[in-house]
Structures are given as C-alpha cells and as structure tokens.
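Step one of this worksheet: look at the structure below.
The values are calculated or read from the model by the stated rules, or taken from the named source; none is laboratory data. These figures come from a predicted structure and were not determined experimentally. Areas reflect the complete protein model, heavy atoms only, side chains present, ligands, DNA and RNA absent. Shrake-Rupley method; radii C 1.70, N 1.55, O 1.52, S 1.80 Å.
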Amino acid sequence: GIRDLVRSRGLGDVYKRQVYDMESKTQWQILLAIIFGVLLLIPIGTLIYITPATALDAIIRLSALWGFVGLTVSSIVNLNKRILYQKFGLKFMQLHHGLAIFSLAMATLHPVAFAIKTMSILVFIPDFSSWYNFWLLGGRPALIILYIAVIAALFRKKSKKAWKYIHMLIYVVLVLIL
C-alpha cells in the first residue's frame, strides 16, 4: 500500500517531483504570458506600420485586430484544453471565458466605432448585393452569428447538447472575418 510506496521511494523523492512540477508549470505559464503579450502587441505594431489618421481610426483598427486575435486564440485554446491544464495548470473555462469576453468586447467596439465615424447604422446590416460585397463586409453577418453563438453558450445548462453545435458557429465567424 501507501507505506510500501513511501519506503521504496522515500518521501524526499515525492517532494522533489512536486517542486519540479511546480517549476515546470511556472516556466510554461511564463511562456504563455509571453505568447499572449506578443499577440496583443501585433495589432499595435500594425498601427505603427500603417498610421491611422485619427484616434477613432486607431480604435477601429485595434478593436478589429484584437477581436480577431482573441477569437482565434480562444478557438485554438478550445482544441488544446487538456494540454493547457497539464502544462500550465490553467482551467480551460477560466481562460476561454476571459478570451471570449475580451474578443466579444473588441468585436462589438469595432463596428460601433465605425458607425460613429460614418454616422450610419448600416454598418451593422449584412450586405447581400453581390458575392464580392458579402465577403468584403463579412464582419457584418459575422457579428450577428457571433452573438447567436454567445447566447447559445449562455444557455448551455438548459440545453445540454444543442448549445455545442450552435456555439461551433464561432468557426464560421472566423472564416467570415478573414
């Protein structure tokens, strides 16, 4: 039993392994922080490369880029939830929800800022006038689909299975906003 395990390995070995695991997780957490830092800095770098005319233009660009990066990372996190927990000690839902809230805020701020700039609410209405315009302005239907997916996630406790299929619309959103 346990007594034999302690005698054969010694308590020191158990404690050494725990310290190593904690150091390993700390190193992985630092790496994760660096990756997220770089992902947040990429949009700022694009502003340096392409200087916006006004502060509102900067908000429009940053919110679009951060919304896209956040949704992309959130989707990647979803595919690697076990690894995240093993390597980083992070609970998937905490990270996923944090990224989702940030992404949703940025994805909402982008068209709101653009509507303020253009003084038109038409920026929220999908354009089906041509195939080209639909894909050019794909963020319009993407925002609607994004909110449908978020609402589905909010009702996940009431609908045990159906919400997952609706929530997968996030991948459609990513295609539309490319």
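Figure note: Lys158, Lys164 ranked by solvent-accessible area, largest first, 1.4 Å probe, ligands and nucleic acids not counted: Lys158, Lys164. Counting only protein heavy atoms and a 1.4 Å probe, the range 63-170 has 64 square angstrom of accessible area per residue.
Note on exposure: Met93, Met168, Met119 ranked by accessible area (1.4 Å probe, complete protein assembly) read Met119, Met168, Met93, with the most exposed listed first. For Ile116, the solvent-accessible surface with a 1.4 Å probe is about 100 Å², rounded to the nearest 10. Give me the Kirkwood hydrodynamic radius of the range 26-178 in Å, from all C-alpha pairs, to one decimal place? Computed over Cα pairs of the range 26-178, the Kirkwood hydrodynamic radius comes out at 16.8 Å.
Taking only protein heavy atoms and a 1.4 Å probe, the accessible area of the range 71-178 is 73% carbon and sulfur.
Remark on Leu137: its backbone amide H falls under 5 Å from none of the residues 5 or more positions apart or on other chains, H modelled at 1.01 Å from N.
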